[in-house]
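The values are calculated or read from the model by the stated rules, or taken from the named source; none is laboratory data. From a predicted model like this one, the values you see are computed outputs, not experimental measurements. Because the Cβ atoms are built from the backbone with ideal geometry, glycine has one as well, and the counts that use them run over all protein chains shown. Areas reflect the complete protein model, heavy atoms only, side chains present, ligands, DNA and RNA absent. Shrake-Rupley method; radii C 1.70, N 1.55, O 1.52, S 1.80 Å.
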Amino acid sequence: MLRILFMWALICTAAPFVCAQINIPDEVTESDSLDIILNEVTVVAKNTITKTDRKVIIPPKSKVNASTSGLNLLQKLALPGISVNQLTGCININSGGILNLYIDGIPATESQITAIAPENIVRIEYHDNPGVRYGNADAVLDFITRKKDNGCTLSLESMSCIGDGKFATIDELAAQFYNGKSTWSVNGGYMQMKRNNWVRDYDEIWHYPGYDVIRKEKGLPVKIGNSIFNSDIDYQYSDNESNLFNARFSLNVDDVPNKEEGDRHSLLTTSDNREITEIWEHTSESSILPSLSLYFRHFFDKAGTLNFNFEGSWMKSKSNHTYSEEMFGTKLCDIHSNTNGDKYGFFVEGIHEIPLGKYMLTSGLRHFQSHTSNHYIMDTQAPTVTTNINQSEISIFTEYNIRVANWGFVGGLTGKRLSSTQWENKLVKYVFLPNMSVSYKPNSDFFFRYNVHIDRKMPPLASMSDISQEIQPGMVRRGNPDVKSFSAINQQFSFSYGNKYININLSVNYLMESKPVMNNVLYENGIFVQTFENQKYFRKLHSEAMIAVSPWQNYLTLWVSTDFSRYFSRGKSYNLARNIFRLHIGTDVTYKHFIFTGCTMSGPSNYMYGDEMTTEKSMNMILAGYKGSNWTLQAGAFNLMKNYWMKTENFSPLTPFTSNAHCGKNTYLAVKFSFNLNYGKRREKQDESPANVTHFDMDSGIVNGLK
């Protein structure tokens with residue numbers, strides 16, 4: 001019902017406006033040249049400029065003309081280390097981590113990136129080595145766009161995918177209205193996915209003192225699904241000479257009626273009981289997140305730039321979980337848990353940047369505060385159990401960026417106060433965290449860089465909650481309020497080579513965490529307890545290589561990317577080393593008005609942490625279509641002729657298991673329609689808005705009873 005209403009809103013909003021304005025031409029024609037001035041560096045005929053802390057990508061006109069949205073353009077650019085899943089509309093870092101998105105320096109969502117008209121993107125700043133000003137981000141993408149003195153833009157994109165027992169849709173609508181120094185923006189996005197044939201097989205061993213119980217579950221089909229609705233209203237006032245102000249109200253709604261990791265129907269047999277036990281598990285989750293953000297920038301004639309950012313949010317979350325077992329028509333157990341949660345948070349930040357010739361000095365102060373309250377009802381006869389956690393993080397930081405000849409140096413220092421309070425348990429930690437980066441650029445084609453960053457991480461909210469949830473008879477999940485913060489050191493070496501026809505990128509990353517909060521299994525009073533504890537260490541060696549070739553720049557691009565991860569996880573009762581290898585292949589073809597895209601996409605689920613590793617079958621996509629002046633129609637398929645699966649392995653000494661989830665042929669036939677209207681007078685001078693960090697927090701901190 002929500003999708004039907006959303007689509008009617010799209011049609012009713014767009015149709016009359018499109019009919020009235022479709023023939024209005026753009027008053028300004030952009031030059032075909034790639035000549036551009038960026039921070040006193042003139043670049044000619046190259047689409048990528050590599051700097052110490054980032055890559056600056058000027059999208060080729062051929063790719064802009066062949067793209068249907070900002071997200072589609074990003075996928076065509078094939079940036080190293082970044083993957084774009086057009087089926088889900090998600091952007092991820094291949095090595096895992098936090099990716100922050102911005103438009104003109106203002107925090108943005110994937111829906112807002114999708115809504116950008118490709119011809120309005122001046123450049124993309126890819127911060128693959130973000131400094132202290134970006135907080136805990138592992139990478140940053142900032143889309144710098146063209147502004148107008150007057151006029152408007154309207155974009156609509158809708159993709160529907162259907163398959164045998166499967167359905168998916170992504171709908172986006174966005175409009176911007178320009179009037180002098182003011183800009184109003186409205187964005188809305190809706191994504192929904194459903195599957196009717198999700199099956200999970202489960203093999204598990206419970207090591208009791210003196211004997212073992214082998215448990216085998218044969219999965220039966222169940223339904224899974226989720227939907228996401230994102231919307232926001234923006235107002236921006238821009239005085240090119242000195243000031244920029246942006247206010248945004250956002251509303252995000254997530255609804256998961258059948259959770260992929262929490263719904264199953266299976267037939268269980270055990271080594272001590274060959275009779276078949278029928279198992280049902282069902283989990284539903286939902287959340288609503290309204291938020292308000294205010295951003296202000298002032299440029300001083302001689303004292304640099306001052307940036308101020310405030311964000312406030314409230315998240316209302318719900319989770320319902322049921323688990324039951326039945327044998328010969330008799331119910332053996334029936335476990336229910338309902339959780340309602342509220343999370344309030346605000347974030348304040350001030351950053352001052354001052355250029356000193358070839359040097360840049362950045363200093364700032366930021367403060368984050370949150371209060372999380374979750375109410376657990378495990379039994380209708382039992383009282384409600386409430387957990388309250390207060391967290392805060394105060395940081396003061398400075399960073400110095402120097403360029404000398406072909407060398408670049410970045411050095412920074414952050415002082416942090418980390419605090420967490422839960423009833424009588426209080427954690428306070430003061431730390432100083434340095435970071436450093438050295439780069440060498442012998443000429444315009446080659447680039448080398450080494451960087452190291454030291455961080456201090458707080459435990460996940462759910463791990464420190466003083467609560468226990470029953471998973472099934474004989475097993476519970478319990479939080480641990482005594483877990484502590486832990487340190488992390490991240491080192492990376494990267495190399496790149498590029499010219500008009502070929503781009504080669506290589507990176508090697510080494511992450512070391514000391515005493516991280518990871519899984520732990522205990523045996524207490526005949527019960528297995530899944531909990532959390534500060535273990536010994538976690539290490540990850542990740543290497544990634546990518547080659548992109550454009551033999552005919554305006555018509556054909558090919559790329560191959562491969563990455564290899566070696567994990568070392570040392571707990572108090574386990575010592576593990578495992579590998580994950582992935583391969584990505586893609587091609588992009590444009591001829592006149594005809595476009596074709598084909599690629600493989602590896603999901604973000606491929607990861608290992610603690611005693612558990614998840615691997616996921618790569619997806620693939622082909623889309624072909626026709627692009628007119630304002631519209632595009634494409635058709636194609638996702639996961640053509642491939643069986644989809646997701647495998648989770650747990651190597652716990654007490655309760656190891658292997659979970660194989662699959663849905664057979666996962667082919668979706670897709671139809672995608674896009675429309676972009678872009679008219680008005682562009683500004684002669686564009687704003688150069690520096691990015692600011694966003695801290696919207698979607699972690700509800702709920703301890704669940706999922707298996």
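What to note about this one:
- Flag if Ser487 is open to solvent by 60 Å² or more (accessible area, probe 1.4 Å) and either modelled with pLDDT under 95 or assigned to a strand (DSSP E or B) (or both): no
- Assessment of the stretch 653-660 against the conditions (farther than 30 Å from Pro209 by Cα and either open to solvent by 10 Å² or more (accessible area, probe 1.4 Å) or touching a residue at least 40 places away in the same chain (Cβ under 8 Å) (or both)) yields no matching residue.
- Lone unmet requirement of (1) surrounded by fewer than 15 Cβ atoms within 10 Å (Cβ to Cβ); (2) on the phi < 0 side of the Ramachandran plot for Asn519: (1)
- Residue count for the stretch 288-300 satisfying the condition of being open to solvent by 20 Å² or more (accessible area, probe 1.4 Å) and within 25 Å of the chain's Cα centre (by Cα): 4.
- Taking every residue in the stretch 277-292 that is touching a residue at least 60 places away in the same chain (Cβ under 8 Å) and more than 30 Å from Leu267 (Cα to Cα) and pairing it with any residue that is open to solvent by less than 30 Å² (accessible area, probe 1.4 Å) and aliphatic (A, V, I, L, M), at least 6 positions away or on another chain, the pairs with Cβ-Cβ distances below 8 Å are Ser287/Met315; Leu289/Met315.
- Test for Ile228: is it out of contact with any Leu (no Cβ under 9 Å at 6 or more places or on another chain), part of a strand (DSSP E or B) and among the β-branched types (Val, Ile, Thr): yes
- Residue check, Leu583 more than 22 Å from Tyr450 (Cβ to Cβ) and either of a type in the set (Lys, Arg) or at pLDDT below 95 (or both): yes
- Pro355 meets each of the listed conditions (1) within 26 Å of Leu294 (Cβ to Cβ); (2) crowded, with 16+ Cβ neighbours inside 10 Å apart from (2).
- So Gly603, is it under 28 Å from the mean Cα position of the chain (by Cα), more than 19 Å from Tyr510 (Cα to Cα), modelled with pLDDT of 90 or more and buried (at least 16 other Cβ atoms within 10 Å of the Cβ): no
- Yes/no for Thr384 being in contact (Cβ under 8 Å) with a residue 40 or more places away in the chain and hydroxyl-bearing (Ser, Thr, Tyr): no
- Only one entry of Asp149, Asp142 meets the criterion of being within 22 Å of Ile58 (Cα to Cα), in contact (Cβ under 8 Å) with a residue 60 or more places away in the chain and not β-branched (Val, Ile, Thr), and that entry is Asp142.
- Unique residue being modelled with pLDDT of 90 or more, more than 30 Å from Pro459 (Cβ to Cβ), in contact with an Asp or Glu (Cβ under 8 Å, 6 or more places away or on another chain) and among the basic types (Lys, Arg) when the list is Lys672, Lys665: Lys672
- Top-ranked residue in the stretch 329-352 [being without any contact (Cβ under 8 Å) to a residue 12 or more places away in the chain and of a type outside the set (Gly, Ala, Ser); ranked as surrounded by the most Cβ atoms within 10 Å (Cβ to Cβ)]: Lys331
- The stretch 541-564: number of residues that are open to solvent by less than 40 Å² (accessible area, probe 1.4 Å) and touching a residue at least 60 places away in the same chain (Cβ under 8 Å): 8
- Residue-level check: of (1) closer than 30 Å to Met641 by Cα; (2) surrounded by 20 or more Cβ atoms within 10 Å (Cβ to Cβ); (3) without any contact (Cβ under 8 Å) to a residue 60 or more places away in the chain, Ile113 misses just (1).
- Every condition in (1) part of a loop (DSSP other than H, G, I, E, B); (2) touching a residue at least 60 places away in the same chain (Cβ under 8 Å); (3) among the hydrophobic types (A, V, I, L, M, F, W, C) holds for Met621 except the one numbered (1).
- Looking only at the stretch 301-314, and only at residues there that are touching a residue at least 40 places away in the same chain (Cβ under 8 Å) and open to solvent by 20 Å² or more (accessible area, probe 1.4 Å), the one that is nearest to Phe347 (Cα to Cα): Ser313
- A residue that is farther than 24 Å from Ser420 by Cα, more than 27 Å from the chain's Cα centre (by Cα) and aromatic (Phe, Trp, Tyr) occurs somewhere in the stretch 481-497.
Condition check ((1) over 30 Å from Lys500 (Cα atoms); (2) surrounded by fewer than 18 Cβ atoms within 10 Å (Cβ to Cβ); (3) not hydrophobic (A, V, I, L, M, F, W, C)) across all residues:
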| residue | (1), (2), (3) |
| --- | --- |
| Ala405 | no, yes, no |
| Ser420 | yes, no, yes |
| Met436 | yes, yes, no |
| Asn451 | no, no, yes |
| Met458 | yes, no, no |
| Met464 | yes, no, no |
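- From the list Asn150, Asn129, the lone residue that is of a type outside the set (Gly, Ala, Ser), open to solvent by 30 Å² or more (accessible area, probe 1.4 Å) and touching a strand residue (DSSP E or B) at 6+ places or on another chain (Cβ under 8 Å) is Asn150.
- Residues of the stretch 88-111 that are at pLDDT below 85, among the polar types (S, T, N, Q) and closer than 16 Å to Ser291 by Cβ: Thr109, Ser111.
- The residues of the stretch 54-104 that are outside any strand (DSSP E or B) and among the β-branched types (Val, Ile, Thr), listed by number, are Ile58, Val64, Thr68, Thr88, Ile98.
- Taken as a whole, the condition of being closer than 21 Å to Val560 by Cβ, out of contact with any helix residue (DSSP H, G or I) (no Cβ under 8 Å at 6 or more places or on another chain), among the hydroxyl-bearing types (Ser, Thr, Tyr) and part of a strand (DSSP E or B) applies to Thr600.
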